[in-house]
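J.: One structure follows; several queries about it will come next.
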Amino acid sequence: MAAATSIMRAQQLVLREVDDALRPFGLTFARYESLVLLYFSRSQALPLGKMGDRLMVHPASVTNAIDRLEQDGLVRRVRHDEDKRMVLAELTDDGRRVVEAATEAVGKTRFGLSEMSSGEADQLTELVGLLRKRVGDFAEGPVPATLATTATPAGSSAEEARKTSRRRPRGTLTTEDV
């Protein structure tokens, strides 16, 4: 029980630090994740269903996040060019500016791990990754791309990270990227 309680409390502490960094941008972590996912997608637009799959959340959660981001002018809903039945969330210019600035702010907190050394953060990632693999959260081998997109190194700009991620062949992300 002590390990489980420690993990849950650590999650609260990390989320609090990240939320504090996102607050000036009017973002919650859920909305930030949605912006980051769109930012790193090829066309900066994705179907809402695919967003739910990649973020590993219920479709209603994606709808709520996109509703709010759309109200704030950070995304817009558009029809797919070829399949007009499909609705995409598309990042706006304001959304790009906000996600880049927010990523800089969150990066300064080392994504909520500012009190840990890089080596300690690597150890933590390895241990939590081991648990996640064993319970089937992701398969052995490449880590789902959405998990790696939020791991921009401290001091790197969001634009720099986006360019770097686009140079990698699909499926080459590993647990070290998370």
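The values are calculated or read from the model by the stated rules, or taken from the named source; none is laboratory data. Since the structure is predicted, the reported quantities are computational estimates derived from the model, not experimental observations. Counting neighbours? That spans all protein chains shown, and the Cβs are built from the backbone with ideal geometry, glycine included.
J.: Taking the condition buried (at least 17 other Cβ atoms within 10 Å of the Cβ), in contact (Cβ under 8 Å) with a residue 40 or more places away in the chain and hydrophobic (A, V, I, L, M, F, W, C), does VAL75 pass?
T.: Yes: the conditions hold for VAL75.
J.: Go through segment 31-61 and give me each residue that's under 13 Å from the mean Cα position of the chain (by Cα), surrounded by 15 or more Cβ atoms within 10 Å (Cβ to Cβ) and among the hydrophobic types (A, V, I, L, M, F, W, C).
T.: LEU35, VAL36, LEU37, LEU38, PHE40, MET51, LEU55, VAL57
J.: For segment 45-61, does any single residue satisfy the condition of being of a type in the set (Val, Ile, Thr) and either closer than 22 Å to ARG132 by Cβ or at pLDDT 95 or above (or both)?
T.: Of the residues in segment 45-61, the ones of a type in the set (Val, Ile, Thr) are 57.
After this cut, where a residue has to be either closer than 22 Å to ARG132 by Cβ or at pLDDT 95 or above (or both) as well, the list is 57.
Yes: one or more hits.
J.: So, one more: I'm trying to understand the selection: among the residues of segment 15-55, which are farther than 19 Å from THR92 by Cβ and of a type in the set (Gly, Ala, Ser)?
T.: Matches in segment 15-55: ALA21, GLY49, GLY52.
J.: Does GLU140 count as at pLDDT 80 or above and in contact with a helix residue (DSSP H, G or I) (Cβ under 8 Å, 6 or more places away or on another chain)?
T.: So GLU140 does not fit the description; no.
J.: Considering only residues that are among the β-branched types (Val, Ile, Thr) and in a strand (DSSP E or B), look in segment 72-117 and name the one that is nearest to the chain's Cα centre (by Cα).
T.: Residues of segment 72-117 that are among the β-branched types (Val, Ile, Thr), as a first pass: 75, 78, 87, 92, 98-99, 103, 106, 109.
Next, from what is left, pick out any that are in a strand (DSSP E or B): 75, 78, 87.
On the way: VAL75: 16, VAL78: 22, VAL87: 21 Å.
That would be VAL75.
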